[in-house]
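Colleague: Once you've had a glance at the structure underneath, I'll fire off some questions.
The values are calculated or read from the model by the stated rules, or taken from the named source; none is laboratory data. From a predicted model like this one, the values you see are computed outputs, not experimental measurements. Cβ sites come from the backbone with ideal geometry, for glycine too, and all protein chains shown count toward neighbours. Keep in mind that these areas ignore ligands, DNA and RNA; they rest on the heavy atoms of the full protein, side chains included. Shrake-Rupley method; radii C 1.70, N 1.55, O 1.52, S 1.80 Å.
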Amino acid sequence: MFRKLFISLLLLLASNMPLLAKCLQSLYSPDRNIQLVINQEQEHIMATVKYQGRTIIPEIRFGIQEQKQTFYGNMKCLGFSKETAIREQYSAIHGKKSSCGNIGNAFTMYLENPQKQKLDIEFRVYNDGVCFRYALSEKRPDSLHFINEFTTYRIHREADRWMQKYVPHYEGDFPHEKGNVSQGEWGYPALIRYNKCWALLTEANIDRNYCATHLTNAAHCEYYQVTYPNKEEGNGVGSIYPATQTPWSSPWRVVILGELKNITESTLVQDVSLPLAETDWIQPGSASWIYWAYNHGTKDYRICCEYVDLAASMNWEYVLFDWEWDQMQNGGNLEDAANYAISKGIKPLLWYNSGGAHNRVSSTPRDRLITEENRNMEFRKLKEMGFAGIKVDFFESDKQHMINYYLDILEDAAKHELMVNFHGCTLPRGWSRTYPNLMSMEAVYGAEQYNNSPYMTMAASRLNCTYPFTRNVVGS
């Protein structure tokens, strides 16, 4: 009787073997705390992420779809490259610390779809997280046009999560949820806690070859798929589908892992972003800011002078003249205000509306930065007047053409030795390393909101205790 039962059990297990995942390869962090397990379940290539042996993300599905080639389902694994070690040290002009570094292990998985088209997925496992990206190395004469990304993270229903409803300016709350999980679209970064471990999902090293993305769990509350910008954002201007040339690689998909202190201390977003040469003209510092107390204060030359005096008395380095500076009166104009600041040893910064068809905001001045010719003319004039930097507002979109606009501004500003603050903008994705003149990105529901509604006053204690572990992890 026992022998028959044992044989029946073996047959049952054998009949279910195709449903079990087949382990293809594992990759560990140098300290062995983090393990990435690559496996195949029927036609899907996927991964599991563990921290100290505990599963934190049970499933990551991989795949991407280009107009003429689909890499999802029925993928054949051709093998893996040899594992290599990553050791890097670099200096940062601003951010969490001046001396940064990381160590990790890496390999590449080689895949082939049924049409014999090749896709590589590069994996890195650091002591503080896991990163991966897609790459198409085969040269082809025509352009690539991506229409979908299938990257999907499974986050267990019982995980604690702090996620922001997706809005292109990222000025939203990070409410806590567990069990009864909302469905919809979510911006990065997404903080989760599961199995006594923390993880933060985001992306890094976005260049001109892709758009910025966010997450959606609209199809199933536990499965968060990487998704492209919405059609209507940016006033409906621009395609949601990224286009580029081969060879190509995607931005890094980043999962920062470990104890909560590992999340807050991590510089992984910057670590995997491309470095550029340091420049000695970039000087971090504090600024007095008129707008918060006087929304229309930059119209008034005398108020501008008061804020210069405030910066001088506090030994702050900068003063920011915000919107409507082109309407300044009551004793002086912008040039007078700039000269007064410089006479006091204070460096002036200046606000701009990013303008163009992507936003309907009429706040002035607008449309001075849209074209390369206008940008460089404006930046040249600012440099001659003694300005140290600019604040650019109202981007309203994560589409590829807007990513290009951000980078155009950063590159042209650097030519004229101008520092940059973006406001009403996308999320930091490692650009502060690639373009160190990018000082900060004001994409958060923060202090300015005290003026706009009672909500911030009521929510401030919770929000201000949440941001260090969510938004501020990925950049200032």
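Colleague: Charges only on Cβ, +1 for Lys and Arg, -1 for Asp and Glu: so what's the dipole of the chain about the Cα centre, in debye to the nearest 20? Present the calculation step by step, with values, prior to reporting the outcome.
Modeller: Values: 48 positive and 53 negative charges, 410 e Å.
Here the size comes out at about 1960 debye.
Colleague: Something else about it: Among I93, M109, Q245, whose Cα projects farthest towards the positive end of the dipole of the chain, with charges put on the beta-carbon of Lys, Arg (+1) and Asp, Glu (-1)?
Modeller: M109
Colleague: Probe radius 1.4 Å, ligands and nucleic acids ignored: give me the carbon and sulfur share of the accessible area of the chain as a rounded percent.
Modeller: 52 percent
Colleague: Let me ask something else about it. What lysines does K399 reach when the alpha-carbon gap must be under 16 Å and sequence neighbours fewer than 8 apart in one chain are set aside?
Modeller: Result set, ordered by chain and number: K231.
Colleague: With a 1.4 Å probe and every protein chain left in place, work out the accessible area per residue of the chain in Å², rounded to a whole number. Could the numbers behind the result be given before it?
Modeller: Details: 20780 Å² over 476 residues.
Here the residues of the chain average 44 Å² of exposed surface.
Colleague: Explain nothing, just the number: relative contact order of the chain, from Cα pairs under 8 Å at least 6 residues apart, as a whole percent.
Modeller: Reported relative contact order: 13 percent.
Colleague: Using just the helices of the chain, give the 222 nm mean residue ellipticity in deg cm²/dmol: DSSP H runs with n ≥ 4 each add -39,500 (n - 2.57), and the total is spread over all residues, rounded to 500.
Modeller: Numbers: 9 runs with 95 residues, N = 476.
Value at 222 nm, helices only: -6000 deg cm²/dmol.
Colleague: Can you list the lysines whose alpha carbon sits under 17 Å from that of K196, skipping same-chain ones fewer than 8 residues off?
Modeller: K50, K178, K261
Colleague: Something else: Just how much of D120 is accessible, in Å², when a 1.4 Å probe is used and the result is rounded to the nearest 10?
Modeller: 30 Å²
Colleague: When you take every Cα atom in the chain, what is the radius of gyration, and what is Dmax, the widest Cα pair distance, in Å?
Modeller: Answer for the chain, Rg first and Dmax second: 24.7, 102 Å.
Colleague: Please express the Cα-Cα pair-distance distribution P(r) of region 88-209 as a list of whole percents, one per 5 Å bin, running from 0 to the bin with the greatest distance.
Modeller: For region 88-209, the binned pair fractions read 2, 7, 12, 17, 17, 16, 15, 10, 3, 1 percent.
Colleague: Something else about it: Sort W316, W281 from largest to smallest accessible area, using a 1.4 Å probe on the heavy atoms of the protein chains.
Modeller: The residues order as W316, W281, largest area first.
Colleague: Under a cut-off of 23 Å between alpha-carbon atoms, report the lysines in cross-link reach of K381, not counting same-chain residues fewer than 8 places apart.
Modeller: Straight-distance partners of K381: K299, K344, K347, K391, K415.
Colleague: So how do D271, D326 rank on accessible area, 1.4 Å probe, biggest first, that is with the largest at the start? All intermediate terms of the calculation are to be shown ahead of the outcome.
Modeller: Details: D271 5, D326 70 Å².
Descending accessible area places them as D326, D271.
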